[in-house]
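The values are calculated or read from the model by the stated rules, or taken from the named source; none is laboratory data. All values derive from a computational prediction rather than experimental measurement. For neighbour counting, all protein chains shown are included, and Cβ atoms are generated from backbone atoms with ideal geometry for every residue, glycine included. Only protein heavy atoms, including side chains, enter the accessible area calculation; ligands, DNA and RNA are left aside. Shrake-Rupley method; radii C 1.70, N 1.55, O 1.52, S 1.80 Å.
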Amino acid sequence: CLIMGEDNLKTFHKWKNFETILEHHHLYVYPRMGGEKVNNQFRDHAKIHRVAAPVIQISATHIRNSIKHHKNVQALLPKEVWKYIDEMHFYKSP
């Protein structure tokens, strides 16, 4: 499956091979502030599932930028994910 924010679903039709992705995988869409307008072809698609979750103002972009600026984001990530990001030096500025 693929997990994405509702903001990414808005432009999903522009992704390379998006039809192939939908043929082989389910999409789970996390809500975002403001409720993005979604392309009609995705509104009732059988493989696209909206997650009933609280809307929080934390995004992958926020996490990446925080790491780049040497801020501690360990509490926002599963332990294994943080360990991998840290070991691989992802998102850190040179």
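Looking only at residues in segment 45-61 that are under 15 Å from the mean Cα position of the chain (by Cα) and within 19 Å of Thr11 (Cβ to Cβ), the one that is modelled with the lowest pLDDT is Ser59. Of all residues in segment 22-44 being surrounded by 15 or more Cβ atoms within 10 Å (Cβ to Cβ) and either over 15 Å from the mean Cα position of the chain (by Cα) or assigned to a loop (DSSP other than H, G, I, E, B) (or both), which is modelled with the highest pLDDT? Filtering first and then ranking leaves Leu22. Listed conditions (1) open to solvent by 60 Å² or more (accessible area, probe 1.4 Å); (2) of a type outside the set (A, V, I, L, M, F, W, C); (3) more than 15 Å from the chain's Cα centre (by Cα) are all met by Lys10, apart from (3).
Residue count for segment 45-94 satisfying the condition of being open to solvent by less than 60 Å² (accessible area, probe 1.4 Å), assigned to a helix (DSSP H, G or I) and closer than 21 Å to Met33 by Cα: 3.
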